[in-house]
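Following: one structure in structure tokens, then a few remarks.
The values are calculated or read from the model by the stated rules, or taken from the named source; none is laboratory data. Remember, predicted model here, so these are calculated numbers, not experimental data. Cβ atoms come from the backbone with ideal geometry, glycine included; neighbour counts cover every protein chain shown. Keep in mind that these areas ignore ligands, DNA and RNA; they rest on the heavy atoms of the full protein, side chains included. Shrake-Rupley method; radii C 1.70, N 1.55, O 1.52, S 1.80 Å.
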Amino acid sequence: MTPDPITIMVQYKIKKKKLAKATSAISEYVEAVKKNEPGTTEYKVFQDENDRTLFIHVMSFSDKAAKKIHEKSAHLKQLKKILVPISKGKAVYTSMVQMKLVKPQENVDETKKGTSSHEPI
């Protein structure tokens, strides 16, 4: 059984006048992650539709070793050097696990044979 991936979400705001600098640095960074981190199985960056200064990074790692490689990477250190001074407040990190979907159980007592569960009985 393979372990669940490690998924992290990071959310932060950038000063409005520094958006171009931030988007350029983030773009370079994501390319570096894709080229140099095979254990980073997903890396996506989003901006809030109504507030372009709000960024959300969602990343998944195959295991703890891949996460550690990411955290110690030169490209992450470089990105932080650029973003920390132009950020508003601190970044918020959230560790996430994928929800295990459960099969909905039909209540057999309430439905008559041959009728849809969406029709009145």
If residue 103 meets every condition in (1) farther than 24 Å from residue 17 by Cβ; (2) open to solvent by 100 Å² or more (accessible area, probe 1.4 Å); (3) of a type outside the set (Phe, Trp, Tyr); (4) in contact (Cβ under 8 Å) with a residue 60 or more places away in the chain apart from one, which number is that one? (4)
Evaluate the following for residue 106: is it at pLDDT below 95 and at negative phi? yes
Residue set 37, 71, 31; condition touching a strand residue (DSSP E or B) at 6+ places or on another chain (Cβ under 9 Å), under 20 Å from residue 8 (Cβ atoms) and at pLDDT 95 or above; output residue 37
With respect to residue 12, determine if the residue is buried (at least 17 other Cβ atoms within 10 Å of the Cβ) and part of a strand (DSSP E or B). yes
Picked from segment 32-71 (must be among the polar types (S, T, N, Q) and open to solvent by 30 Å² or more (accessible area, probe 1.4 Å)), the residue nearest to residue 86 (Cα to Cα) is 47
When you check residue 79 against the structure, is it surrounded by 14 or more Cβ atoms within 10 Å (Cβ to Cβ), in contact (Cβ under 8 Å) with a residue 40 or more places away in the chain, under 28 Å from residue 15 (Cβ atoms) and touching a Lys or Arg at 6+ places or on another chain (Cβ under 9 Å), yes or no? no
Tell me which residues, restricted to segment 74-94, are of a type in the set (Ser, Thr, Tyr) and either out of contact with any strand residue (DSSP E or B) (no Cβ under 6 Å at 6 or more places or on another chain) or at pLDDT below 95 (or both). none
